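Report on the structure given below.
The values are calculated or read from the model by the stated rules, or taken from the named source; none is laboratory data. Bear in mind the structure is a predicted one, so any value in this text is a computation, not a measurement. For neighbour counting, all protein chains shown are included, and Cβ atoms are generated from backbone atoms with ideal geometry for every residue, glycine included. These accessible areas exclude ligands, DNA and RNA; they are computed on the full protein's heavy atoms, side chains included. Shrake-Rupley method; radii C 1.70, N 1.55, O 1.52, S 1.80 Å.
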Amino acid sequence: MAPKKNARFFDDNLLSNFEDSKLTKSMYKIILLIDFTEDYGKSLLKGVTKYSKEKGPWMFCRMPLQYREDLSMDHVIQFAKDWKADGIIAQFYNHADIKKLVETKIPVIVEDFKERFEEFPNITGGYFETGQMGAKYFINKGYKNFAFYGFDNIVWSRERAEGFEDSVKKHGEKVHFFSPKKIASRELWFYKPSALSKWLTKLPKPIAIMACDDERAQNITEACKHSKIKIPEEVAVLGVDNDELTCNLSDPPLSSIGLDTEQGGYEAAKLMRQLIEHKDQKPYDIIVNATTIITRQSTDICATTDKQIAKALNFIHQNIENNINVEDVLKTVSISRRALEKRFLEVTDSAVYKYICLLRIRKFSDRILESEKSIYEIAIELGYNDNKNLSRLFKQIHGCTPLQYRKANAK
């Protein structure tokens with residue numbers, strides 16, 4: 001494909017920016033061809049630049065995705081040669097012309113955004129284990145119905161689905177799948193009646209749905225809204241990546257599995273240095289592992305067909321920041337306190353009072369990581385007036401003080 005005029009103009013600018021640079025021996029020149037509009041790509045970049053600051057400095061060319069989408073592999077290779085690139089970290093398609101890149105002998109690390117490569121080391125992930133983590137999270141919430149939304153022809157989606165199904169089957173249940181042939185275009189189809197909304201309507205309720213990533217999870221929340229399906233009462237939704245913008249734009253906000261992507265970027269940069277300096281270095285894949293599940297409103301409830309307990313749970317989760325107690329919960333249901341306690345314990349494996357206490361501590365834990373306010377200010381906002389009792393409860397759950405927790409989990 002012939003390069004577009006504006007693409008050639010940008011190419012010349014890229015080259016002219018670097019031609020007169022004075023480089024030291026350790027200042028490697030690295031091409032980055034990754035989608036930096038997503039949190040995943042940004043986190044990879046953070047890890048790469050962190051390593052380069054420690055071991056460099058390095059010089060980077062953030063090549064536009066247009067070079068991958070609109071121009072040929074020949075054009076990418078020619079730029080790499082003209083710029084005298086020492087290495088490339090990129091998203092490439094698994095096309096036959098990848099062999100041309102192999103022939104250049106330039107060290108390359110690829111992100112497996114479609115399938116893993118055999119020719120180069122991959123930035124990949126423990127996708128199967130991530131799916132297992134999602135399933136166990138829902139199983140522990142008492143769900144009996146499970147579903148997965150993803151794509152069979154993309155490695156990270158396919159293997160997450162396999163891990164999810166593996167754990168669900170071991171629990172004695174089955175998984176309902178929604179697997180389009182390809183990722184849909186940017187058309188806002190999920191705001192309208194669609195195959196997804198029809199699938200959601202037919203699913204047994206309540207049901208726990210894991211999506212292959214946060215974007216697909218948001219498709220679900222929008223389709224549920226259109227079909228008047230309640231989240232999380234009827235459908236609980238869990239994504240992957242913890243893309244905070246996507247998760248918080250969703251209505252309700254999305255729960256998501258966080259990934260140690262920044263560390264993956266750091267390890268990729270470390271491997272790149274080894275590949276540049278030691279030609280006999282044996283390549284290996286970089287594994288980006290799942291870390292924890294960040295619970296937001298889309299899964300913030302236990303599964304139950306008991307309407308009175310569902311009503312009690314809904315009230316607790318909607319009012320947890322209002323310093324509520326068991327008496328407040330009783331006012332929302334039409335059963336006795338004894339019946340409430342008995343049936344609540346059967347559904348949640350917890351007494352009502354203990355459930356409220358644990359949920360308040362979890363909200364407090366999330367807030368001290370999300371907010372820059374002092375721990376004292378956050379405690380007051382959440383209705384904690386007894387700091388000693390709060391610290392005692394917090395330490396029982398997390399094994400450390402709130403301040404130690406903030407320092408240990410700071411981004």
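Of 397, 324, 335, 320, which residue is within 27 Å of residue 134 (Cβ to Cβ) and open to solvent by less than 40 Å² (accessible area, probe 1.4 Å)?
Numbers: 397 fails: open to solvent by less than 40 Å² (accessible area, probe 1.4 Å); 324 fails: within 27 Å of residue 134 (Cβ to Cβ); 335 fails: within 27 Å of residue 134 (Cβ to Cβ).
Criteria check complete, one pass: 320.
Taking the conditions (1) of a type outside the set (Ser, Thr, Tyr); (2) at pLDDT 85 or above; (3) more than 30 Å from the chain's Cα centre (by Cα) in turn, residue 50 satisfies each one other than (3). The set of residues in the stretch 395-411 being free of Cβ contacts under 8 Å to residues at least 24 places away in the same chain, among the small types (Gly, Ala, Ser) and not in a helix (DSSP H, G or I) consists of 399 alone.
Would you check if there is a residue in the stretch 382-394 being assigned to a helix (DSSP H, G or I), in contact with a helix residue (DSSP H, G or I) (Cβ under 9 Å, 6 or more places away or on another chain) and at pLDDT below 85? The answer is yes; a qualifying residue exists.
Kindly provide the set of residues from the stretch 244-265 that are surrounded by fewer than 24 Cβ atoms within 10 Å (Cβ to Cβ), outside any helix (DSSP H, G or I) and in contact with a helix residue (DSSP H, G or I) (Cβ under 7 Å, 6 or more places away or on another chain), ordered by number. 251, 252, 253, 257 - these are the residues of the stretch 244-265 that are surrounded by fewer than 24 Cβ atoms within 10 Å (Cβ to Cβ), outside any helix (DSSP H, G or I) and in contact with a helix residue (DSSP H, G or I) (Cβ under 7 Å, 6 or more places away or on another chain). The condition of being over 21 Å from residue 301 (Cα atoms) and among the charged types (D, E, K, R) does not hold for residue 354.
Answer yes or no as to whether residue 280 is of a type outside the set (Gly, Ala, Ser) and either more than 30 Å from residue 237 (Cβ to Cβ) or more than 26 Å from the chain's Cα centre (by Cα) (or both).
Details: of a type outside the set (Gly, Ala, Ser): yes; either more than 30 Å from residue 237 (Cβ to Cβ) or more than 26 Å from the chain's Cα centre (by Cα) (or both): yes.
It is true that residue 280 is of a type outside the set (Gly, Ala, Ser) and either more than 30 Å from residue 237 (Cβ to Cβ) or more than 26 Å from the chain's Cα centre (by Cα) (or both).
Scan the stretch 100-129 for residues that are open to solvent by less than 20 Å² (accessible area, probe 1.4 Å), closer than 30 Å to residue 210 by Cα and not charged (D, E, K, R) and jot them down. 109, 110, 117, 121, 122, 123, 124, 125, 126, 127 - these are the residues of the stretch 100-129 that are open to solvent by less than 20 Å² (accessible area, probe 1.4 Å), closer than 30 Å to residue 210 by Cα and not charged (D, E, K, R). Given the condition in contact with a helix residue (DSSP H, G or I) (Cβ under 9 Å, 6 or more places away or on another chain), closer than 27 Å to residue 259 by Cα, open to solvent by 10 Å² or more (accessible area, probe 1.4 Å) and not β-branched (Val, Ile, Thr), answer yes or no: does some residue in the stretch 77-90 qualify? No, every residue in the stretch 77-90 fails to be in contact with a helix residue (DSSP H, G or I) (Cβ under 9 Å, 6 or more places away or on another chain), closer than 27 Å to residue 259 by Cα, open to solvent by 10 Å² or more (accessible area, probe 1.4 Å) and not β-branched (Val, Ile, Thr).
Give the residue that is farthest from the chain's Cα centre (by Cα), with candidates limited to residues of the stretch 199-236 that are among the hydroxyl-bearing types (Ser, Thr, Tyr) and in a helix (DSSP H, G or I).
So in the stretch 199-236, the residues among the hydroxyl-bearing types (Ser, Thr, Tyr) come out as 201, 221, 227.
Checking which are in a helix (DSSP H, G or I) leaves us with 201, 221.
On the way: 201: 26, 221: 16 Å.
Per the criteria, the residue is 201.
For residue 239, the criteria (1) touching a Gly at 6+ places or on another chain (Cβ under 7 Å); (2) not in a loop (DSSP other than H, G, I, E, B) hold in every case but one, which is (1). Within the stretch 280-303, the presence of at least one residue that is within 25 Å of residue 47 (Cα to Cα), among the aliphatic types (A, V, I, L, M) and open to solvent by 50 Å² or more (accessible area, probe 1.4 Å) is confirmed.
Scanning the stretch 136-173 for residues that are in a helix (DSSP H, G or I), farther than 23 Å from residue 288 by Cα and of a type in the set (A, V, I, L, M, F, W, C) turns up 139, 168.
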